[in-house]
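Below is one structure, written out as structure tokens; the observations come after it.
Please treat every number below as a calculation from the coordinates, not as lab data. In this text the structure is predicted, and so the values were computed from the model without any measurement. Don't worry about glycine lacking a Cβ; one is built from the backbone with ideal geometry, like all the others, and counts go over all protein chains shown.
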Amino acid sequence: MAVLHPEYDTIIKLRQEPTEGELHLLRFLKSTLNDDYEVFFQPFINGDMPDIIIMKEGSGVYVIEVKDWDLKHYSLNDRNRWFVNSIDGGSYPVPSPVQQVYKYKENLYNLHVRGLLEKRIKKHARGQGSRYTRSRLPIRLVYSEKMNGRNEALKREHSIKKLSRSDKNKLVNKNTAGHSCGILK
């Protein structure tokens, strides 16, 4: 039986009750997976709270977002954006479960995978990155900073983007304590 965190008896007593779909999936995972698997229910991970994360050493991480939606109340537009239809006849956008899982995966990778920056730079260099970067090849890493978390990194990235070109060049050329500067080949 899979190991649940928190235990099933604790999960069913939580202040915010789990949905029937979440409980059904937890029971299925607990009875189907062996004890090599750890199943985390709504773990708080640096601001994110996915419904279920399944981990097995040497196998990877599974992120699951459970929805107990009545699909007749939802619609997709031509760009695959999800909308919930309101009683007054209008609709408003909601994140799709796929978007949510992708965001959780990106946050986990960005926070916890060593060497990811180097892998991303190499991916960009092969022309497989964002459209903006693809149009400015070849690229090279000339500056990076180690941060304590995603929020801190995003704030720092924002402040650097606001700098003038000459200030950015000064930053790259400066080798101060706590900064790693160099070129990724």
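List the lysines whose Cα sits under 17 Å from the Cα of K162, skipping any in the same chain fewer than 8 residues away.
K170
With both bridge residues required to lie in region 3-112, what share of the DSSP beta bridges run antiparallel, to the nearest 5%?
The antiparallel fraction comes to roughly 85 percent.
With 19 Å as the limit, write out which pairs from K123/K174; K67/K103; K56/K105; K146/K174; K72/K105 have Cα-Cα distances beyond it, or answer none.
Exceeds cut-off: K123/K174; K72/K105.
For the ranges 21-27, 141-147, what's the packing order if you count other beta-carbon atoms within 10 Å of each residue, average per peptide, and put the highest first?
21-27, 141-147
Charges on Cβ only, +1 for Lys and Arg, -1 for Asp and Glu, centred on the Cα centroid of region 3-112; of L25, S91, V3, which one is farthest towards the dipole's positive end?
Selected residue: S91.
Using only helices, what value at 222 nm comes out for the chain when you add -39,500 (n - 2.57) per DSSP H run of length 4 or more and divide by the total residues, to the nearest 500 deg cm²/dmol?
Calculated at 222 nm, the ellipticity per residue is -10500 deg cm²/dmol.
Along the Cα→Cβ direction, 7 angstrom out, place labels at S144 and K170. What is the inter-label distance in nm?
2.6 nm
For q values of 0.10, 0.11, 0.15, 0.17 Å⁻¹, compute log₁₀ I(q)/I(0) with the Debye formula on a Cα-only model of the chain, without solvent.
-0.63, -0.74, -1.07, -1.18
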